[in-house]
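Asker: To start, I am sharing the structure in question, which I have written as structure tokens.
The values are calculated or read from the model by the stated rules, or taken from the named source; none is laboratory data. Note that the structure is predicted; figures quoted are calculated from it, not measured. Cβ placement follows ideal geometry from the backbone for every residue including glycine, while neighbour counts extend to all protein chains displayed. Areas reflect the complete protein model, heavy atoms only, side chains present, ligands, DNA and RNA absent. Shrake-Rupley method; radii C 1.70, N 1.55, O 1.52, S 1.80 Å.
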Amino acid sequence: MIEQSRDVYIVDAVRTPFGRYGGALSGVRPDDLAAGVLRALVERSPGLDPARIDDVLFGNANGAGEDNRNVARMAVLLAGLPVSVPGATVNRLCGSGMEAVVQAARAIALGDASVAVAGGVESMSRAPWVLQKPDRPYPARDQQLHSTTLGWRMVNPRMPGEWTIPLGESAELVGAKYGVTRAEQDAFALASHTNAAAAWRDGLYGGEVVAVDGVDLPRDEGIRDTTSLDALAKLKPAFLPDGTITAGNASPLSDGASALLLADEEGLAAIGREPLARVRAAAVTGIEPQYFGLGPVDAIRKVLTKARVDAADLRTIELNEAYAAQVLSCLAALPELDRSVVNPRGGAIAIGHPLGASGARVAGAVAHQLAAAGTGTGLAALCIGVGQALALVLER
């Protein structure tokens with residue numbers, strides 16, 4: 001018989017500054033990025049005996065390069081934690097980091113763990129090119145290399161073509177479905193940069209972002225303080241000749257890592273810290289792959305129902321900005337959400353979207369914002385390629 005579910009607390013949350021593709025973090029291996037946030041998380045809780053950590057779960061969407069061989073376990077070893085601390089890597093593409101948080105919270109709620117770390121990591125800069133094994137030795141013809149940075153590769157021919165279109169084209173479909181204009185997308189992107197720059201300027205990320213050893217990167221590298229609507233309007237469509245999505249109103253390819261410390265009541269007492277927030281509910285849903293950007297609509301409705309929370313009572317919302325068209329379409333489908341509390345400190349268009357790390361980033365961001373407010377309920381959600389979405393409700 002499973003004992004009654006335990007309360008699960010987010011004790012702390014950290015992340016690296018996110019780097020641009022080929023930028024400041026491109027020389028850092030993903031397992032080192034993961035080890036860095038794990039080490040920082042432990043150091044920030046001096047009352048925590050690292051041997052008490054029952055499991056370390058990290059999300060990672062690629063796994064084809066230096067993040068192979070279970071990057072979570074590599075992070076444990078590289079961070080200098082006791083070898084008795086296990087680690088597992090999970091993959092739900094863009095939602096991998098939040099998937100790790102949900103799995104860690106579930107283990108604690110069921111009593112399988114008392115203290116756990118959950119996070120995510122991605123180095124899109126260092127994602128390798130891969131070569132399929134030839135069907136015979138010593139092939140005479142040229143062989144094709146596949147980039148593992150983003151999107152579909154080595155597609156199963158049985159998969160319907162409309163499900164495997166590029167992510168940007170999918171976002172164009174979503175935006176067209178809800179009539180989102182280019183001007184609206186550019187205005188949303190500008191607000192992302194403006195809010196992120198202001199949050200950094202006001203010191204709001206000081207308690208959340210930790211430095212990467214050997215790298216001079218004082219804040220998220222993708223933020224553009226000087227961009228403007230005029231500058232954004234001059235950018236050409238990136239995916240369709242007559243499209244509305246550009247490099248300016250979409251999230252950039254990025255590098256970075258995030259990690260959260262979770263515990264039950266007993267673990268919390270041993271750590272000796274006031275938690276940032278408590279996990280209230282989580283939900284995962286699926287949708288047609290070509291409309292993946294609309295996935296958060298059902299996930300958000302489902303998680304609010306599970307948590308018995310009214311949308312009007314949400315103090316803060318972190319909705320990952322894969323594309324401005326995608327977020328604006330979700331908000332159009334969810335008029336009950338208060339747009340003024342969505343991504344108050346900027347979103348992925350400015351901050352960056354290292355796939356495996358983003359789900360943990362938005363969860364940690366909500367936890368920190370609730371802690372700063374002192375009370376309230378918050379929501380974190382993100383769309384996931386191939387038609388899925390995750391949502392998480394936290395409270396303080």
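Asker: State all residues of the range 160-169 that are surrounded by 10 or more Cβ atoms within 10 Å (Cβ to Cβ) and under 9 Å from Pro289 (Cβ atoms); if no residue qualifies, say none. Show your work before the answer.
Answerer: Taking the range 160-169 and keeping what is surrounded by 10 or more Cβ atoms within 10 Å (Cβ to Cβ), we get 162-169.
Of everything in the range 160-169, those that are surrounded by 10 or more Cβ atoms within 10 Å (Cβ to Cβ) and under 9 Å from Pro289 (Cβ atoms) turn out to be Glu162, Trp163, Thr164, Ile165.
Asker: On to the next question. Does the range 344-385 hold any residues that are within 17 Å of Ala283 (Cα to Cα) and among the β-branched types (Val, Ile, Thr), and which are they?
Answerer: Once the filter is applied, which keeps residues that are within 17 Å of Ala283 (Cα to Cα) and among the β-branched types (Val, Ile, Thr), the range 344-385 yields Val362, Val366, Thr377, Ile384.
Asker: Could you list, in sequence order, the residues of the range 286-314 that are hydrophobic (A, V, I, L, M, F, W, C), open to solvent by 20 Å² or more (accessible area, probe 1.4 Å) and over 27 Å from Glu172 (Cα atoms)?
Answerer: The answer is Val309, Ala312.
Asker: Please go through the range 207-239 and pick out each residue that is surrounded by fewer than 16 Cβ atoms within 10 Å (Cβ to Cβ) and either charged (D, E, K, R) or modelled with pLDDT under 95 (or both).
Answerer: Gly207, Asp213, Asp216, Asp225, Thr226, Asp230, Lys234, Lys236
Asker: Still on this structure: Go through the range 1-40 residue by residue and tally those that are open to solvent by less than 10 Å² (accessible area, probe 1.4 Å) and among the basic types (Lys, Arg).
Answerer: Summing the residues that are open to solvent by less than 10 Å² (accessible area, probe 1.4 Å) and among the basic types (Lys, Arg) in the range 1-40 gives 1.
Asker: Would you point out which residue out of Gly272, Gly267 is out of contact with any Asp or Glu (no Cβ under 8 Å at 6 or more places or on another chain), under 26 Å from Leu48 (Cα atoms) and open to solvent by 30 Å² or more (accessible area, probe 1.4 Å)?
Answerer: Values: Gly267 fails: open to solvent by 30 Å² or more (accessible area, probe 1.4 Å).
Selected residue: Gly272, the only one of Gly272, Gly267 that is out of contact with any Asp or Glu (no Cβ under 8 Å at 6 or more places or on another chain), under 26 Å from Leu48 (Cα atoms) and open to solvent by 30 Å² or more (accessible area, probe 1.4 Å).
Asker: Oh, and also: Are any of the residues in the range 357-371 modelled with pLDDT of 95 or more, open to solvent by 20 Å² or more (accessible area, probe 1.4 Å) and farther than 21 Å from Ala13 by Cβ?
Answerer: no
Asker: Can I ask one more? Which members of the range 317-356 meet the condition of being surrounded by 24 or more Cβ atoms within 10 Å (Cβ to Cβ), out of contact with any Ser or Thr (no Cβ under 7 Å at 6 or more places or on another chain) and of a type in the set (Gly, Ala, Ser)?
Answerer: Within the range 317-356, Ala324, Ser329 meet the criteria.
Asker: What pairs come out if I take residues in the range 21-37 that are within 19 Å of Ile349 (Cβ to Cβ) and pair them with residues that are open to solvent by less than 10 Å² (accessible area, probe 1.4 Å) and in a loop (DSSP other than H, G, I, E, B) whose C-beta lies under 7 Å away, six or more apart or interchain?
Answerer: Close Cβ pairs (under 7 Å, with a partner that is open to solvent by less than 10 Å² (accessible area, probe 1.4 Å) and in a loop (DSSP other than H, G, I, E, B)) amount to Tyr21/Met124.
Matching residues to (1) touching a Cys at 6+ places or on another chain (Cβ under 6 Å); (2) among the polar types (S, T, N, Q); (3) free of Cβ contacts under 8 Å to residues at least 12 places away in the same chain; (4) open to solvent by less than 60 Å² (accessible area, probe 1.4 Å):
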position: Pro50; (1), (2), (3), (4): no, no, no, yes
position: Val56; (1), (2), (3), (4): no, no, no, yes
position: Asn68; (1), (2), (3), (4): no, yes, yes, no
position: Arg73; (1), (2), (3), (4): no, no, no, no
position: Leu78; (1), (2), (3), (4): no, no, no, no
position: Leu81; (1), (2), (3), (4): no, no, no, yes
position: Ser84; (1), (2), (3), (4): no, yes, no, no
position: Gly87; (1), (2), (3), (4): no, no, no, yes
position: Arg92; (1), (2), (3), (4): no, no, no, yes
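Asker: Out of (1) over 21 Å from Thr244 (Cα atoms); (2) in contact with an Asp or Glu (Cβ under 7 Å, 6 or more places away or on another chain); (3) part of a helix (DSSP H, G or I); (4) not acidic (Asp, Glu), what's the single condition that is false for Val327?
Answerer: (1)
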